[in-house]
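Read through the structure below, which is laid out as structure tokens, and then see the notes.
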Amino acid sequence: MPLGLDAVALAVLVALAVDRWWGEPPSAWHPVVWMGRALDRLGRWAAPGADAGKASQRRVGPFLRGTAGWCLGALVVVALAVGVQYVVQAAPVWLAVVLLGLSLKPMFAWRMLRDEVVAVEQALSESLEAGRQRLSWLCSRDVSQLSPEQVRETALETLAENLSDSVVAPLFWFAVAGLPGAALYRWANTADAMWGYTGVRQGRVWTWAGKWAARVDDALNWVPARLTGLGLMVLGARKRAAWARWPAQARVTPSPNGGWPMAALALVLGVRLGKPDVYTLNPAGRPPLAADTPRALAVASAVVGLCAGVAVLGAAAALWQAGWSTA
């Protein structure tokens, strides 16, 4: 029989606990790694090579192949998630909660994100080159010419954006549609990370082949990005002026979603964040300092704690309703 709201909420707490104490599963057993491998193979078919001449300028063919490849992979991912959830539901409730939590865990990555941001700050304290090198593990941006302040800005932006993409959004879609919802979101977000580019990347033209992946990711992240930004503002913004400036600052970025958590973090910390020659968030703010990294991690951790709190309330409400109904 389908699991109740209490079991689903408790599974979120199990997943968060596993993330806190153990982090990511080994690569050989990580579903997102499997998704990446599948997307790499599908991408070779969908996107024309940069040396393909006129073929690389066509729109319809690459777009249709990219859309078909994305949909095929999504169908497999959702089918597998439905199968896992169906099997889990047949177990005793306590075991189903544990198994569902373990299945949910690979769909989000808070501990890894937090550790990588800390590692960038530690490397930057050693040297600029070390900071740039470590930052390149965290983002796809060209880091070779970044100043120390820009390295820190980029790390903080990545923290804010991935707090939404890698934590809040998977949990949101799990709450909406169970394990299949979380798995579909993770597929979409991974596809956007690998395919959602304009121009040439790694020898292939993605402008049209990655168009569908980018747009679906935008749609699935619309609500979670704003919820993440709202959480950062509620937990960290102490000045009314910051709230007044947040919506306008959030729309400065080319991304329809990324600006909401990034602008919120910039305003909460009182710092300037941005991408050189593209956008600047909170331009009146000061450059971020080393002390701003633990401050940013603290407010981001509070947002994750808020997610756990919502899960606790959901479980408590469901259990109370069940007890009231049987009284």
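Just to be sure, is residue 117 of a type outside the set (Gly, Ala, Ser) and under 30 Å from residue 249 (Cα atoms)? Outline the logic, then answer.
Details: of a type outside the set (Gly, Ala, Ser): yes; under 30 Å from residue 249 (Cα atoms): yes.
Criteria met by residue 117.
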Where a residue in segment 200-212 is under 11 Å from residue 63 (Cα atoms) and modelled with pLDDT of 90 or more and its partner, wherever it lies, is crowded, with 23+ Cβ neighbours inside 10 Å and aromatic (Phe, Trp, Tyr), with Cβ under 8 Å and at least six apart: 206/195; 209/195; 210/195; 212/70
Are any of the residues in segment 35-57 of a type in the set (Lys, Arg), crowded, with 16+ Cβ neighbours inside 10 Å and at pLDDT 95 or above? no
State which residue pairs qualify: first residue under 15 Å from residue 194 (Cα atoms) and inside segment 122-142, second residue in a helix (DSSP H, G or I) and of a type in the set (Asp, Glu) in any location, beta carbons under 8 Å apart, and separation of 6 or more residues or different chains. 137/116; 138/116
Criterion first (within 19 Å of the chain's Cα centre (by Cα) and either within 22 Å of residue 301 (Cβ to Cβ) or assigned to a helix (DSSP H, G or I) (or both)) does residue 265 satisfy it? yes
Can you work out which of the residues in segment 127-146 that are of a type outside the set (A, V, I, L, M, F, W, C) and part of a helix (DSSP H, G or I) is nearest to residue 275 (Cα to Cα)? 132
Looking for something within 19 Å of the chain's Cα centre (by Cα) and free of Cβ contacts under 8 Å to residues at least 40 places away in the same chain - is there at least one such residue anywhere in segment 239-249? no
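The values are calculated or read from the model by the stated rules, or taken from the named source; none is laboratory data. These figures come from a predicted structure and were not determined experimentally. All Cβ positions, glycine included, derive from the backbone under ideal geometry; neighbour counts span all protein chains shown.
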